Amino acid sequence: MPIRVENLCYTYNPGTPFARTALEDINLEINDGEFVGIIGETGSGKSTLIQHFNGLLRPTRGRVLVDGVDIWQKDVRLKDIRQKVGLVFQYPEHQLFEETVFADVAFGPRNMGLDEDEIGMRVRRALEMVGLDFEAVKARSPFELSGGEMRRVAIAGVLAMEPSVLVLDEPVSGLDPRGRDELLQELTRLHEKFEYTVVLVSHSMEDVARLAKRLVVMHRGRVVADGPVRDVFRMMDLLRETGLGVPQVTELMLELARRGKDVRTDVLTVEEAKVELLRLLRSEGRVR
Ligand code: ADP
Ligand code: MG
């Protein structure tokens, strides 16, 4: 279920004194099975962009195609598009409202008109996919759960509609470090085990760099870089201009390289940095 955005422009409140252009001429493709990070500082247009992926916003100009079909064509049912492209909003737990976890996760499938057996199966599966124990949580009130668990329940509610693409807007914001790590791990697992196409929106390079294979960098309503994570990181100057910066380990390696050390500068994780630093120390005869 590829998503393709062509020459997309979007203006909030057009024709009024409050008109605000949020997106300018965006061209982008999300392919099946990809894990794409969309990154950019606050106000760069990330949330506006992804709300076009499932037809929540209508382009001021340009087109959005899902599976090759312009979703604003007359005969397309947006309800179908929203089922295929599952969008998890920022702070999705604010939208939990049912008395039990089961009822909350069942809400989407029920709206799709599925029968009770199918709904039950999907709720179980969705909760397990986000790492929750179905039997342990199904009858609990979502509001008794921890922040991280509530967020997983909200994500399960989207997964239960069995979308082909999962789009998450700042999914770890507001979670403590442990909740963050766990949720990011679950997302990686969803992508790897179930071959989910995942689009992860974040303003934090540290979070996306570890997970995404491709990065789309936004700045002032435009896409300013799009490519494999390491290639994007090499465009340091550009990243500085967007106010994003690279992860600290990458910064460290770049600094060593600037000082004439022979190290890789496309290092993304602490593990990789460790290997590289040991290699450097050995080559200088400082460790064996
Ligand atoms: P991001 O998600 O990257 O923080 P947004 O897509 O929320 O960026 O915002 C992009 C631009 O659009 C910003 O300038 C923001 O102020 C503006 N904007 C966002 N939502 C609205 C809205 N509902 N009405 C008017 N302007 C908006
Ligand atoms: Mg946003």
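Just from its helices, what would the mean residue ellipticity at 222 nm be for the chain, if runs of 4 or more DSSP H residues each count -39500 (n - 2.57) and the sum is divided by every residue, rounded to the nearest 500 deg cm²/dmol? The partial results should precede the final answer.
On the way: 12 runs with 118 residues, N = 288.
Rounded to the nearest 500, the figure is -12000 deg cm²/dmol.
Counting other Cβ atoms within 10 Å, keep those with at most 13, restrict to DSSP loop, and tell me which trypsin sites (Lys or Arg not before Pro) in the range 23-76 are left. Let's see the in-between values first.
On the way: sites: 46, 61, 63, 74; in loops: 74.
Here the sparse-neighbourhood loop sites are 74.
Which of 138/213; 46/138; 46/74; 74/213 have a Cα-Cα distance over 31 Å?
Among 138/213; 46/138; 46/74; 74/213, the Cα-Cα distance tops 31 Å for 138/213; 46/138; 74/213.
With the radius of gyration and the Kirkwood radius both derived from the Cα set of the chain, what is their ratio Rg to Rh?
Checking Rg against Rh, the ratio lands at 1.02.
Compute the FRET efficiency between residue 80 and residue 288 as 1/(1 + (r/R0)^6), taking r as their Cβ-Cβ distance and R0 = 41 Å, and round to the nearest 0.05.
That pair, residue 80 with residue 288, gives E of 0.05.
Select from the range 186-260 those chymotrypsin sites (Phe, Trp or Tyr not before Pro) which occupy a DSSP coil region and have at most 16 other Cβ atoms within 10 Å, ordered by residue number.
For chymotrypsin sites (Phe, Trp or Tyr not before Pro) across the range 186-260 that sit outside H, G, I, E and B with at most 16 neighbouring Cβ atoms in 10 Å, the list reads 194.
Multiply the residue gap between residue 7 and residue 139 by 0.36 nm, knock off their C-alpha separation, and tell me the result in nm, one decimal place.
Values: separation 132, 0.36 × 132 = 47.52 nm, distance 4.67 nm.
Length difference between fully extended and current span is 42.8 nm.
Net charge within 9 Å of residue 222 by Cβ-Cβ distance, Lys/Arg positive one each and Asp/Glu negative one each, not counting residue 222 itself?
Here the charged neighbours net out to -1.
Enter the accessible area per residue of the chain (Å², integer; probe 1.4 Å; all protein chains in place).
50 Å²
Normalised by the number of residues in the chain, what is the relative contact order in percent for Cα pairs under 8 Å and 6+ residues apart?
21 percent
The values are calculated or read from the model by the stated rules, or taken from the named source; none is laboratory data. Note that the structure is a prediction, hence the values are computed from the model and not measured. FYI the Cβ positions are ideal-geometry reconstructions off the backbone, even for glycines, and counts take in every protein chain you see. Note: areas computed on protein heavy atoms with side chains; ligands, DNA, RNA excluded. Shrake-Rupley method; radii C 1.70, N 1.55, O 1.52, S 1.80 Å.
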